[in-house]
Amino acid sequence: MNDDELMAGVRATFQILDPVPAAVLAAARASIAWRAPAARLAELEHDRGGRAAGVRGGRARTLTFTCPDATVEIEVSPDGRFREIHGRLVPSAAALVEVRHRDLPPGGITARTEPAGMFWLPRVPAGLVSLILRLDDGTSVVTSWIRL
Amino acid sequence: MARRDDTDELVVRARDGDGDAWARLVERHSGLLWSIARSYGLNDADAGDAVQTTWLRLVERIDELREPAAAACWLATTARHESLRLARRRGRALPTVPAPREPEPDPARVVAARERLGMVGAALERLPLRCRTLLRLFALAPSHAELAAALGIPVGSVGPTRARCLESLRRLVP
């Protein structure tokens, strides 16, 4: 058996023993739908807490996303099976904030920023989440995907 | 190992809105990404998360990816980082080379695989876990560059490592 035949055998073995689940492939195929070409990407800069930090039982998790001209800070608290997000857009701007999640329809969970840029998103499902902030000036910011 | 790869072209076409090109990217690379996640000992749910996050990261980046030709390496590196992040959160020990841990396959599938795959499948079972995992990545990576990205090792150490594991496998195949 030459090298190529051996490698083909290895490939075939794992394809049978541990194939990529169909649901994983389907989710990967569907992920292109989340593309937001005109939006600025705010990347995760800090991810703190989750256990020690915070008040009363200290279970809030704080995440900071940044892009060149904006910062999105969120605090995530558990709410049974859901998550509750308190956030802030800096510098503050009037915006519609929407949760992006595989199990949510477009516009499923939204909030308007308040004068100081604060927003509140209740009952966010656990899992991979990204926020899109549509500013009233016509621009948008998306946060990088994170697991909540 | 040196099969021609038009991943760069698929990335450019997907960027232009070609859904089929995206689907082909997913089909071509998901096997390697899944294997990378497994090489960190991730279970089904976590491995699925690592792979899904990797694709979502590509969607985030696809418009600004400067070198579409490097997309395959980028995917492998991203999958490694996401797997590492999840493995850390689960508190697993982390060696510099991924700690291979195979999932526990369903016995019926193992029997079926043995019957269908014969000698190579049986020989693989007798290899040390590390070699088995490395060979799996070797079999799926289009080139040494992707493999180096998947393992986080220099491209120059890929060839010798592959040769050693392949030789161990060859000795076990009658």
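Where a number appears in this text, it was derived from the coordinates with a stated rule and is not lab data. All of these numbers come straight from a predicted model, not from anything done at the bench. All Cβ positions, glycine included, derive from the backbone under ideal geometry; neighbour counts span all protein chains shown.
Relative to the longest principal Cα axis of chain A, at what angle does helix A:3-17 sit, 0 to 90 degrees, rounded to 10?
Its long axis makes an angle of about 60 degrees.
Hey, rough spin-label estimate for B:E67 and A:S92, points 7 angstrom out along Cα→Cβ, what's it come to in nanometres?
So the label points at B:E67 and A:S92 sit 4.5 nm apart.
If you plug each phi of the stretch B:127-134 into the Karplus form 6.51 cos²θ - 1.76 cosθ + 1.60 with θ = phi - 60°, what whole-Hz ³J(HN,Hα) values come out, in order, with x for Gly and Pro?
6, x, 3, 4, 5, 4, 5, 5
Treat every Asp and Glu Cβ in the stretch B:1-90 as -1 and every Lys and Arg Cβ as +1, leave all other atoms uncharged, and give the resulting dipole magnitude about the Cα centre to the nearest 20 debye.
Computed about the Cα centre, the dipole is about 520 debye.
Can you give me the orientation-averaged projected area of the convex hull built on the Cα atoms of the stretch B:1-92, in nm²?
6.0 nm²
Can you figure out the FRET efficiency of A:S140 with B:R88, using R₀ = 35 Å and their beta-carbon distance, to the nearest 0.05? Spell out each step's value before the answer.
On the way: r = 32 Å, r/R0 = 0.90.
Rounded to the nearest 0.05, the efficiency is 0.65.
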